[in-house]
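J.: This is the structure, below, for whatever I ask next.
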């Protein structure tokens, strides 16, 4: 992330909107503020949109409503993800459902989605305004993401029934629904307002969403300790019963025997008892190494990296293109 980027500037803008819409609802206001605070405090979605606006010479104020809601959307989605993934902390803080319970957390998420579209409605230009077509396209894209993202969350949750049949193509389709449209939203909104490079930046955002989803999958396994299970280690961090790039590469690897694959899929798709947790975790870690799954995952990402560079090739600013290509794989050692 650019050290010059002022994430607090975005925080203050969002805070102002939260106060505007929730000035008479102090407890709900506090919960919304808390969820936004602990979700990706460096505000990567806002950063991404503002960088493309700068490159395309689009004035910040034109896209500011969309800049504000991009990370709000991410925060709302993470709030529910924490329940699904049984997360206890985010950015060193207790997640909301551990503080307020599941029911209230779901309600807060629902309100945050309503808040997002209320903010966009508040700043929507009149139908005859020159920016109205771009504004409407941007709103519609976010609506599409909201609909498709919830389908993806549902599919992710029920997918444990069919993980043995899950392919890399299936995973790409799921990553597209979970992440691509939101990244596409961040990259293409400035293009709508500039009325140029729309297709190029749609493609960039699409591939960027897949890349970031896969990076998230891989990073869980790069944190795996040695071969031995340790007390307090969360099994779900390494052997989630959901589609994951590393786990799919393990399950489809020719380096595992038929019996090893049977064991793998049996334990991937079923709940793990506390008694067996240590031995199963140890074996999965061994499989990660035996199949070179991390290396294979990086090969998948390198193909995406080429597509990302190609989608930026028509843009005029070479320094910007170089920085964006690096940003896509920030904090991840792809080489």
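J.: Would you mind computing, in nm to one decimal, how far apart the modelled labels at residue 252 and residue 155 are, each placed 7 Å from Cα along Cα→Cβ?
T.: 1.5
J.: Here is a further query. Give the calculated FRET efficiency between residue 318 and residue 292 to the nearest 0.05, with a Förster radius of 35 Å applied to their Cβ-Cβ distance.
T.: 0.50
J.: How long is the gain from residue 277 to residue 170 if the chain were fully straight, where each residue apart is worth 0.36 nm and the alpha carbon distance is subtracted?
T.: That pair, residue 277 and residue 170, stretches by 35.7 nm at full extension.
J.: Give me the angle, in degrees from 0 to 90, between the Cα long axis of helix 293-312 and the longest principal axis of the Cα atoms of the chain, rounded to the nearest 10.
T.: Approximately 20 degrees, to the nearest ten.
J.: Please list the radius of gyration and Dmax for the chain, considering alpha-carbon atoms only, with Å as the unit.
T.: 20.9, 66
J.: Moving to a separate point now. Helix 7-22 versus the longest principal axis of the chain: what is the Cα-based angle in degrees, 0 to 90, to the nearest 10?
T.: 70
J.: Based on the Cβ-Cβ distance of residue 129 and residue 20, what FRET efficiency does E = 1/(1 + (r/R0)^6) give at R0 = 25 Å, to the nearest 0.05?
T.: The value I calculate is 0.70.
J.: Sum -39500 (n - 2.57) across every DSSP H segment of at least 4 residues in the chain, then divide by the residue count to get the 222 nm mean residue ellipticity, nearest 500.
T.: Only helices count here, giving -22500 deg cm²/dmol.
J.: Within 10 Å, count the other beta carbons around each residue, average over each peptide in 20-29, 297-306, and list them highest first.
T.: 297-306, 20-29
J.: Using the Kirkwood radius over Cα pairs, work out the Stokes-Einstein diffusion coefficient for region 1-123 at 37 °C and 0.692 mPa s, in µm²/s as a whole number.
T.: It comes out at roughly 220 µm²/s.
J.: Here is a follow-up. If you count, for each residue, the other Cβ atoms within 10 Å and average over each peptide, how do 141-150, 59-68 line up from highest to lowest?
T.: The packing order, highest mean first, is 59-68, 141-150.
J.: Sticking with the crude label model, points 7 Å out along Cα→Cβ, report the distance from residue 86 to residue 222 in nm, one decimal please.
T.: 2.6
J.: Could you tell me how far the Cα centroid of region 27-77 sits from the Cα centroid of region 114-164, in Å?
T.: With region 114-164 and region 27-77 each reduced to a Cα centre, they are spaced 14 Å.
None of the figures in this text is laboratory data; all of them are computed from the coordinates on show. Small disclaimer: the values here were computed from a predicted structure and weren't measured. Note that each Cβ is placed from the backbone with ideal geometry, even for glycine, and that neighbours are counted across all protein chains shown.
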